[in-house]
1. Between ASP209 and ARG151, what length comes free when the chain is fully extended (0.36 nm per residue of separation minus the Cα-Cα distance, one decimal in nm)?
2. How large is ³J(HN,Hα), in whole Hz, for each residue of the range 236-242 in order, when computed from phi with the Karplus curve 6.51 cos²θ - 1.76 cosθ + 1.60 and θ = phi - 60°, using x for Gly and Pro?
3. For LYS400, enumerate residues with amide H under 5 Å from its amide H, sequence gap 5+ or separate chain, H modeled in the peptide plane.
4. Could you list HIS459, HIS101 so that the one with the fewest beta carbons within 10 Å of its beta carbon is first and the one with the most is last?
5. How big is the charge dipole of the chain about its Cα centre, in debye rounded to the nearest 20, if each Lys and Arg gets +1 on its Cβ and each Asp and Glu gets -1 on its Cβ?
6. If the convex hull of the alpha-carbon atoms of the range 383-428 is projected onto planes in all directions, what is the mean projected area in square nanometres?
7. Considering only ASN438, LEU57, THR518, whose Cα is most displaced toward the positive end of the charge dipole of the chain, charges sitting on Cβ of Lys, Arg (+1) and Asp, Glu (-1)?
8. Compute the distance in nm between two label points, each set 7 Å from the Cα along the Cα-to-Cβ direction, one at ASP421 and one at ASP107.
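Values in this text are rule-based calculations from the coordinates and carry no lab data. This structure is a prediction, so every number in the text was calculated from the model and none was measured. When we count neighbours, we look across all protein chains shown, and the Cβ atoms used for this are built from the backbone with ideal geometry, even at glycine.
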Amino acid sequence: MLGRASRGRTGRGRSTLAETGAIGAGANPGETAAYAVELKGITKRFPGVVANRDIELRVRRGEVHAIVGENGAGKSTLMKTLYGMHRPDEGTISLDGREVHFRSPADAIAAGIGMVHQHFMLADNFTVLENIVLGSEPTRGGRLDRSEGRRRILEISDRYALGLEPDVLVEDLGVGDRQRVEIAKVLYRGATTLILDEPTAVLVPQEVDELFGNLAELKREGLTVIFISHKLDEVRKVADAITVIRRGTTVGEADPKTTTVRELAEMMVGSELPSPETRTSTVRDTVVLEVRDLTVTALGGRAAVDDVSLVVREGEVVGIAGVEGNGQAELVDAIMGLRPLTSGSIRLGDEDITSWNTRTRREAGLGFIPEDRHRQGMLLDATLWENRILGHQTRPPAAKGWFIDRKAARADTERVMKEYDVRAPGPDTLAVALSGGNQQKLIVGREMSSSPRLLIAAHPTRGVDVGAQAAIWGLLKDARAEGMGILLISADLDELIGLSDTLQVMLRGRLVATLDPTNLTPEELGGHMTGARTSAGAA
């Protein structure tokens, strides 16, 4: 595997980058080097939908090539086609000048293509070593050769500055470390071209910088990276070239050195990059949520949430910042009634809801945008109208006595689709057929439509494009202005700083700082999240 990676580190690859300045608009006249990846006229159709139409993409060896576009633009479909998960209906795929035909991801992996998905595919109860070698185990005498696996993993780790510890359990790793394990998995299998799908979606700024350092090491070794992201400032920072896709087709290529974020946003969605900034206070005196001395015990007996107290008032957005895995998910589950408390109490308005089940809490006015739309927010094999009523099936318009009013539910789903720009053929479309951004907009529309007293919004714009992000921000701002209390958990630090009236930092299960977002930078917030900074407002 490592020998294959070394062959990518050729003089030709380096001179190509130097000659062109890594501009994505095409090669210099007379340049004859083949592209590492070249897609010509790629078209992919699904029933009722053309996901990709005549796509063109050219990626040079040894560059980071970004692909940007709004949700539903066809980026994921295109990458799944390159990775062998789909077969194109039209067009050709070439690697290093040679046309290829993939019947499965196994074919793509054999050809040197590796993909790191947005949702990590790791077994928490396995070690780093076991996760990386799974499916490609080195053996000796018919048994797993751990020493050989460890040797190869450490060689990869050292070569690409990944900092891996083979014998650590994945469940004990932070998000950034898990991502490096995923990268090591594809390198272990011999990948010379890596596809990274939204790799910075859940990282704090310090982890983003570390990832970009890893990408620089990959480039120095002659490897190629295709980088999918919605964060245009990051794209400009890390990419050598950018391809923009809109509504299933290529609309342009851009040089990150000369193209502004605003220009990229306009190419993507035809409008300026939105801002979450909102500084007019709408906070009222009435308390809608009071959490007092809350403790939640995780497996193994440790406190996942440790003596947490917080208050959310009408018209207030309280943001919770923290590196994932520091108790935010357990706190949300406890408030929603999805996880038992060890101690403490929860009040919704004047009611003590500590002993209430989740359905009763929902009916009392608790809205919930979950952090993982696939695991907690949707039934992918169900229709859109069934997903629209999910969690709200006991109330109008879904309920008619003891029965579900399917006609009313379908009609209301059509309303949600129109108001929240959910792009799909109709309410009977299966949720699995929608892009991630359109799935998210359906969930947001479902929860906002119920006019909750308190909305728990966990990563509400994760994996959505700048247009959908702006729409969701606008909805949260409008709801705040109308008096809704919002508990916001997000890995997007600009989002947290821009939307929040009050910011709490969660570290190792405790609220360790209360910060004023009006004079706070993402770097300062990231420092608090990792424990590198302390605050006079510590809880």
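1. Roughly 18.2 nm would be gained on extension.
2. Coupling constants for the range 236-242: 5, 6, 9, 8, 8, 8, 9 Hz.
3. Excluding prolines and chain starts, which carry no amide H, the hits are ASP405.
4. Ranked by crowding around the Cβ, least crowded first: HIS101, HIS459.
5. Dipole about the Cα centre, nearest 20: 1480 debye.
6. Result: a mean projected hull area of 2.9 nm².
7. LEU57
8. Those two pseudo-labels are separated by 3.7 nm.
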